[in-house]
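What follows is calculated from the coordinates using simple rules that are stated; it is not laboratory data. Since the model is a prediction, treat every value here as computed from it, not as a measurement. Glycine also receives a Cβ, built like all others from the backbone with ideal geometry; neighbour counts cover every protein chain displayed.
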Amino acid sequence: MSEQKKGSSMAGLDTYYAYVEDGELVLEPYCSCGNPLDDMYYCDVCKRHRHPTDVLCEDDGVLRMVEKYIRTSSKFRTFKAMLGKRRTTES
Ligand SMILES: [Zn+2]
């Protein structure tokens, strides 16, 4: 037990949380620590700029919308869409 990485496998990656509001796709960036990121993608918990590329989609409809963006927009080309739930910082 010389090495102990605290929660490294649980920490996850920086992600967007995708959902639809009033028919519009909304992407909320989150830091890997669970903190929501601001417009500058800056996490004031980690004191770092983050660059999320994984997109967690709350359901199939959102997933299809995000995948379409990934296919059609160069801005989204590096993104990866997957089904997933928003992580909460509350326990
Ligand atoms: Zn953070």
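Structure notes:
- Flag for residue 65 being in contact with a Cys (Cβ under 9 Å, 6 or more places away or on another chain), more than 18 Å from residue 13 (Cα to Cα) and more than 16 Å from the ligand (Cβ to nearest atom): yes
- Residues in the range 35-62 that are without any contact (Cβ under 8 Å) to a residue 40 or more places away in the chain and acidic (Asp, Glu) were compared, and the one that is farthest from the ligand (Cβ to nearest atom) is 60.
- Any hit, the range 24-41, residues being among the acidic types (Asp, Glu), under 11 Å from the mean Cα position of the chain (by Cα) and at negative phi: yes
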